[in-house]
Structure formats: C-alpha cells, structure tokens
Amino acid sequence: MRVGLKHWLMGCLVGVSFQGLAAAEVVPKAEALLRLDRPLVIAHRGYSSAAPENTLPAFALALEAEADLVELDYHHSKDQVLTVVHDGTLDRTTDAVRRWGTGTNRVSQASFARMRELDASSWRGSNQPPATIPSLVEALDLIQARSVTLIERKAGPAEACVRLIRDRREVNQVVVQSFDWQYLEDYHRLEPSQVLGALGPWKSYRGVALTEQDQSLSGRWIDEARRVGARVVVWNQNLDATAVALAHQRGMKVWVYTIDDPADMSRLLDLGIDGLITNNPGRAWRAMAERRGRR
Ligand code: G3P
Ligand code: CA
C-alpha cells in the first residue's frame, strides 16, 4: 500500500500525552521514512532510465512514479553554486565538448551561468525532453514539494550544504549521503539531527586496494558508519542477510544501489534490506507488489 505513505508523510502527527493534554509531535519527512515498515523506492538520479539523469524532467518523472526519495548528485561550480551533476566533468552528460572544445571541462572550473548554457539532455538521444543542469536549489524546489531528496555530495565542504538546507528550513526533510565519511562526520558535527547515509564500499583505503571480502558489508563498516553519525548504510550488492540483520540490530537501515533487474530486486528484498535505489522506480514498485502477492 504505497499511496498511503504520502498522506502519512503530510500529516506525520504522532500523538503524545503531555500533562493530560493531547499534544502532537511532527515527524520530519526523513525520520518518517526511517520508521516505515516496508522497503523504500529511491529514484537514482531521478527516473533516469526514462529521462536524462540529474535533470528536472527526470525528477518530475520520479515524482509521478511516487518514489519515496529522489536521489541526485552535487558538485560546486567555480562561483560556489551547488550544482546537480554526477561527474566532476561536464563531458559525458552535456554538449560541453562540442561547444567548448575537447579539453576536460570541469564543473569546478565553470561558473553556474556558463554551465547553464549547456544542453544536458540530447546526449541521451533526440527524443528526450530539453533540459539544462539544475542548481541544487531548483532541484529541491521541485522534489521537496512531493517527495524527499536524497542529496549525494560529490565535492565540496559540509558547511555549504548545511547552510543551504538550514536556510531552507529543510533539516531532516532531506537525507544527505556521501562516500566521503569525513564529510559525513563534519556534517553530523554541524547538524547532529540530520539523517545521513554512509555510502560504500570504498574500492581502496589509504591507497591500498580492498578485496571483495573487505568490501562486503560487515560489523566494522557498520560501526564506523555509526561513529561518523550515519543512520543508513548505502551499499552495493556486496552484502548478505547476516550483515543486514547486524545493521538492524545496531539501529541502522540498509539501502542498496543501483538495482534495475527484477530478480536482483527480489533477492535483495528477501535479505531484508530497507531501500532499493534504482534507475527504474516503476519496476521496483512492481517487484515489491509481486513479492507481496507471493507471500
Ligand atoms: O545512491 C547511490 C549511488 O548514487 C552511488 O553511486 O556513482 O551513482 O553516485 P553513483
Ligand atoms: Ca549518486
């Protein structure tokens, strides 16, 4: 029953008794998602199987699909605008190379106004809706009205994102995640209540490659994620039911990326995971419905 969530999130009133009077606790949207007793559907870079990743059309489709969270990535532009794009360069997902030349066109070396001239859509084909690179503010304006943004920081200090979210009065109305756990620790120090996701696994540690075994979700990863202030471990498929149960015992949620195959979805749901990050949220809803039908 997925539609009920939206109504629940809008209200999110938990009754508490205070000196005989009925008071109410308003649960922020990020907290409310952690309390749900079903897996979450999380649209990776928007509904990116159907529209260009990390653009407003992809986010709008994810909202239509009623994704619980809409994931995006941000970097800082040269003039310090938090800019929604996955790569550190503009070359893969825009026409920067054609327009600006074949050098490496770094996000951090371009002003936001200049990046705004770029076409962020046609690399996916001529049948796509037109799109430009959005700022994080524009993406939040769209997504937050109907869902919860899963903000992945790719570059830049925690202070900038903390300030932006605080100014918008959206602390815990979003979830923030990163592969950089020092960033998470900094964010947690500045905004201790914010729900944070610790992305892993890392491929290497201090320059030494980690083995497949090292990279699998374990008590050590879970404890370190907790130590830096995360409430969710956000992992790839390198995990098993024992690790998921351990995370739950330690009060952590487990979200898994990036899962588009229905058989993988079904297998991971059987492990007890709490969220599917997918390029195809419609397919994830179907996998969840089919699984309920089998039980
Ligand atoms: O949300 C998890 C996922 O986005 C991490 O990988 O490279 O797609 O940002 P990536
Ligand atoms: Ca991401």
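The values are calculated or read from the model by the stated rules, or taken from the named source; none is laboratory data. Since the model is a prediction, treat every value here as computed from it, not as a measurement. When we count neighbours, we look across all protein chains shown, and the Cβ atoms used for this are built from the backbone with ideal geometry, even at glycine. The accessibility values were calculated without ligands, DNA or RNA, using every heavy atom of the protein model including side chains. Shrake-Rupley method; radii C 1.70, N 1.55, O 1.52, S 1.80 Å.
Please express the shape of the chain as an equivalent ellipsoid: the semi-axes are the square roots of 5 times the eigenvalues of the C-alpha gyration tensor, given largest first in whole angstrom.
One finds semi-axes of 30, 23, 21 Å for the chain.
Count Lys and Arg as plus one, Asp and Glu as minus one, and take only other residues whose Cβ is under 14 Å from that of P192; the net charge is then +1. Overall, the accessible surface of segment 145-290 at a probe of 1.4 angstrom is composed of carbon and sulfur to the extent of 48 percent. Amide H contacts of Q177: I151, E152, R153, G197, each under 5 Å away and 5 or more positions distant or on a separate chain (H built 1.01 Å from N in the peptide plane; Pro and chain starts excluded). Taking all protein chains into account, the per residue accessible area for segment 73-125 stands at 47 Å² (1.4 Å probe).
Amide H contacts for Q144 (H built 1.01 Å from N in the peptide plane; partners 5 or more residues away or on another chain; cut-off under 5 Å): none found. Add +1 for every Lys or Arg and -1 for every Asp or Glu among the other residues with Cβ under 13 Å from the Cβ of P57, and state the total. Local charge sum for P57: -2. Relative protection proxy for 54-60, 208-214, from highest mean packing down: 54-60, 208-214 (other beta-carbon atoms within 10 angstrom). Bridging of K29 to aspartates and glutamates at a Cα separation below 14 Å is possible for D68, E170, once same-chain residues fewer than 8 apart are set aside. Other residues within the sphere of radius under 14 Å centred on the Cβ of K154, judged by their own Cβ, net out at -2 (K and R +1, D and E -1). Computed from Cα atoms, the angle from the helix 181-190 axis to the main principal axis of the chain rounds to 70 degrees. Rolling a 1.4 Å sphere over the protein heavy atoms, what is the accessible area per residue of segment 188-291, to the nearest Å²? Each residue of segment 188-291 exposes 45 Å² on average to a 1.4 Å probe. Here the spin labels are modelled as points 7 Å beyond Cα on the Cα-Cβ line, and at R292 and D167 they lie 4.1 nm apart. Between the beta carbons of K203 and V97, assuming R0 = 30 Å, the FRET efficiency works out to 0.65 to the nearest 0.05.
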